[in-house]
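Here the structure is laid out as structure tokens; the discussion comes afterwards.
Any read-out appearing in this document is the output of simple, stated calculations on the displayed coordinates, not a laboratory observation. Everything quoted here is computed from the prediction, not taken from an experiment. Heads up, the Cβs are rebuilt from the backbone with ideal geometry, glycines too, and the neighbour counts pull from every protein chain shown.
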Amino acid sequence: MDNASELFQYREIGQFNNNILNVLQVENRTLDFHIHEESDELFYVIEGTFDIELEDGIITMNEGDMIIIPKGIFHRPVTKSLVKCLLINLEGTLNKKNTGGTYLK
């Protein structure tokens with residue numbers, strides 16, 4: 001899974017059942033709190049450590065950890081050091097407008 005080499009670049013590595021699998025490498029970034037109304041969001045940590053902030057607390061994610069954020073739940077990822085993740089959600093859920101990243105197929 002060494003498909004993400006640029007920071008903040010979502011690299012599509014596959015699709016299944018209208019879900020997009022993206023690999024992302026990120027560092028020193030905090031997104032605004034947001035929700036995805038139509039899709040759950042799966043994070044799998046390939047390398048590194050980061051936090052997922054929720055309305056009722058913080059979940060620290062380490063290499064090998066996976067979490068599914070159900071649709072409709074306010075959340076935001078917070079990274080301080082270099083992290084590489086696999087993200088899975090319905091096609092069209094993530095885009096430059098709501099993530100600030102770039103997208104490659």
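Annotations
- Calculated over the range 9-104: convex hull of Cα atoms, volume per residue (Å³): 87 Å³
- Annotation: amide H-H contacts under 5 Å for E41 (H modelled 1.01 Å from N, sequence separation of 5 or more, or interchain): I69, K71.
- Put in line by how crowded their Cβ is, counting other Cβ atoms within 10 Å and starting with the fewest, E53, E41 read E53, E41.
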